[in-house]
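What follows is a short report on a single structure.
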Amino acid sequence: MAATKYGNLLKKLKYEASEVKSKAGAAEYMTMAGGVDLEGINLSFAWGYRHWLGGWGSDGGFGHTHPYGECLLFTGLEYARPDYLGAEIELALGSEKHLIDSPAIVVLPAGVPHCPLTSKKVARPFGFLAVSLSGEHKIAKSPRAGKPEQSDIKTGELVQKMELRDTKRKSGGNADFISWWNGKDREGFNLNFTWAFHTGLGAWHDRDPHVHPNDECLVFMGLDPGRPDYLGAELEIAMGKDPEIHVFDTPTAVVIPAGLVHCPLVTSRVDKPYGFSAISLNTAHETTWLGKASS
Ligand SMILES: [Fe+2]
Ligand SMILES: [Fe+2]
């Protein structure tokens, strides 16, 4: 393959199947990336498909804390029902337990004890995204988790219902249903991110290329829990001032370092709805558009 200047910034997502020996049914799949996988930006993420009942076993299945902020996102996988999660999941936060039964975002400031996670009921497979503000995974077993002694954190306000807004998109490849979160009111969250379902063809934005003062990671994932390597769409993204076009049709994370001119992003084929998350390491989505509107 010919050498490219920016090809290293496109990362094909590598999924691992869970151990199926002790559980009935098909495997669950998970991908994780952080640190050097993402060119050293201050971010890691995990994304996976779940359908088993019982304890998740994440990070050993015990209550734990991180020395950095983390957000957990729970989503359904059905384009026709963006507000449907299809499962009831219990999440321990400190000594409290919260039931998540609709799409949700859980905000975990540094030091807040969380987990275990337990799927109580599962009608349909669902998706799970964890976004951590560190390139390196750091964890401490929490002495507080599951114990009656409590901190001053009101854990209920950390769990937020996630609503996917219908954008009523008329043309172009941008989102059909989208939700977003930003950390401007949360200390320690130099972060904003979106979660969306897409089916549209064409250019995503009107005034590309553009640039951000912060690092960004664009994550494209399929919505078929049995076929994690299937995106269901083909896209092309221009990278750099002298644009280099990169085409991909499998689940991919695109790392955009601060200051790198990027886009247009164009969807050239869609066979199935797919999921997308734009993760920006900034409390606001600061964008400088460098192109002219086409109309
Ligand atoms: Fe965690
Ligand atoms: Fe961007």
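Give the aspartates and glutamates reachable from Lys138 as a straight Cα distance under 20 Å; neighbours fewer than 8 places away on the same chain don't count. Qualifying aspartates and glutamates at Cα under 20 Å: Asp37, Glu39, Asp59, Glu70, Glu187.
Evaluated over the Cα positions of segment 50-183, the convex hull gives a direction-averaged projected area, one quarter of its surface, of 8.9 nm².
Would you tally the net charge around Asp215, using a Cβ to Cβ cut-off of less than 13 Å, leaving Asp215 out, and scoring K and R as +1, D and E as -1? Neighbourhood net charge equals -3. Taking all Cα pairs closer than 8 Å and separated by 6 or more residues, the relative contact order of the chain comes to 19 percent.
Each Lys and Arg adds +1 at its Cβ and each Asp and Glu adds -1 at its Cβ; summed about the Cα centre, segment 44-188 shows a dipole of about 260 debye. Taking K and R as +1 and D and E as -1, what net charge do the other residues with C-beta under 10 Å from the C-beta of Met32 add up to? So the environment of Met32 carries a net charge of -1. About its Cα centre, the dipole of the chain is roughly 380 debye, where the only charges are +1 on Lys and Arg Cβ and -1 on Asp and Glu Cβ.
Here the simple spin-label model places points 7 Å from the Cα toward Cβ, and for Arg227 and Ala17 these points are separated by 1.6 nm.
Taking amide H as placed 1.01 Å from N in the peptide plane, Arg165 has its amide H under 5 Å from the amide H of Ile178, Ser179, each at least 5 places away in sequence or on another chain.
The residues packed around Ala258, meaning those with a beta-carbon under 14 Å from its beta-carbon, carry a net charge of -4 if Lys and Arg are +1 and Asp and Glu are -1.
Shown in residue order for segment 233-249 are the 3J(HN,Hα) couplings computed by the Karplus curve 6.51 cos²θ - 1.76 cosθ + 1.60 at θ = phi - 60°: 7, 10, 9, 9, 10, 8, 10, x, 5, 8, x, 10, 8, 10, 10, 9, 9 Hz (x for Gly and Pro).
Expressed per residue, the C-alpha convex hull volume of the chain stands at 133 Å³.
Among the listed pairs Lys5/Lys241; Lys12/Lys161; Lys121/Lys272; Lys14/Lys241, those whose Cα-Cα separation exceeds 19 Å are Lys12/Lys161; Lys121/Lys272; Lys14/Lys241.
Any read-out appearing in this document is the output of simple, stated calculations on the displayed coordinates, not a laboratory observation. In this text, all values refer to a predicted model and were calculated from it rather than measured experimentally. Positions of Cβ are backbone-derived with ideal geometry, glycine not excepted, and every protein chain shown enters the neighbour counts.
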